[in-house]
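**Q** Take a look at the following structure, please.
The values are calculated or read from the model by the stated rules, or taken from the named source; none is laboratory data. Computed from a prediction, not measured in an experiment: that's the story for all the values here. Neighbour counts run over all protein chains shown; Cβ positions are idealised from the backbone, glycine included. Surface areas here come from the heavy atoms of the whole protein model, side chains and all, with no ligands, DNA or RNA. Shrake-Rupley method; radii C 1.70, N 1.55, O 1.52, S 1.80 Å.
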Amino acid sequence: MSLVAKHLLTKNRVYIGMGSNLSNDSGDSRQILQQAVCALNTLATGTVQVSGLYLSKPMGPQDQPDYFNAVAAFETTLSAPELLIALQQIEQQAGRIRVRRWGERTLDLDILLFGDLSITTPELTIPHSGVLQRNFVVMPLLELDAQLQIGGMLLKDSAAAQQTADIGRIADSCWVTIS
Ligand code: ROI
């Protein structure tokens, strides 16, 4: 069976990067991420695991607020393109505003890992291309699985895992309760 066919038929464990540094009508970034986790729960076959909550200096223009970041992990029967569409809908429901490239945003949901799938299409690159350069992604990922690898590289051995100056863990995984 081809790799693509296998990914259509089976359940896959996925890791979703979450970020926000703008409020919306229903709350601040922390509340936006809490609501996003509840929405992700509807895409999962089992329980959603959530990392602690991080506050990180912006990567990109520095004249924007710090980001709230976290990672969620769950199993899903959706295909990668279906999951991408579902994440875009959740972003839209949060009233996603994107002011400029690498600028502030209400809600960003990225597929970081999708089972052992490795694809590059115009819409989707999996594993997400920025993972190994971003401590606000690597640190919460490692909380969920300390043995994670990308392209044969253990995330815990990446440079980003050692860069702790511009990031703080502001809450453990109790920052969200899934209802
Ligand atoms: N910077 C931080 N710290 N956290 C993010 O989630 C984030 N997301 C982005 C860019 C603009 C690259 N910078 C970020 O998309």
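**Q** So who's got an amide H within less than 5 Å of the one on residue 105, skipping anything under 5 residues away but keeping other chains? H placed 1.01 Å off N, in plane.
**A** Answer set, sorted by chain and number: 21, 22.
**Q** Another question, then. What order do you get for 77-88, 146-157 when each peptide is scored by the mean count of other beta carbon atoms within 10 Å, highest first?
**A** Going by the mean number of other Cβ atoms within 10 Å, highest first, we get 77-88, 146-157.
**Q** At most 13 other Cβ atoms within 10 Å and a DSSP loop assignment: could you name the trypsin sites (Lys or Arg not before Pro) in segment 101-137 that fit? Show your work: numbers first, answer last.
**A** Working: sites: 101, 105, 134; in loops: 101, 134.
For trypsin sites (Lys or Arg not before Pro) across segment 101-137 that sit outside H, G, I, E and B with at most 13 neighbouring Cβ atoms in 10 Å, the list reads 101.
**Q** Roughly to the nearest percent, how much of the accessible area of segment 1-136 is carbon and sulfur, given a 1.4 Å probe?
**A** Reported share for carbon and sulfur atoms: 54 percent.
**Q** A further question on this structure: Can you compute 3J(HN,Hα) from phi for each residue in segment 54-67, using the Karplus curve 6.51 cos²θ - 1.76 cosθ + 1.60 with θ = phi - 60°, rounded to whole Hz and x for Gly and Pro?
**A** Calculated HN-Hα couplings, in order: 10, 10, 10, 5, x, 8, x, x, 7, 8, 9, x, 4, 9 Hz.
**Q** Let me ask you something else. Send over a whole-number figure in Å² for the accessible area per residue of the chain, probe 1.4 Å.
**A** Averaged over the residues of the chain, the accessible area is 50 Å².
**Q** Taking the dipole about the Cα centre of the chain, with the C-beta of Lys and Arg at +1 and of Asp and Glu at -1, give me whichever of 34, 176, 62 is farthest to the positive side.
**A** Highest projection toward the positive end goes to 62.
**Q** Additional query: Would you mind classifying segment 69-179 by shape? Square roots of the alpha carbon gyration tensor eigenvalues, ordered a ≥ b ≥ c; an a/c under 1.5 is rounded, otherwise it is prolate if a/b is larger than b/c and oblate if not.
**A** Because its axes are fairly even, with a/c under 1.5, segment 69-179 counts as rounded.
**Q** Same structure again: Check residue 150: other-chain or 5+ apart residues with amide H under 5 Å from its amide H, H built from backbone geometry?
**A** The list, which skips near neighbours in sequence, is 155.
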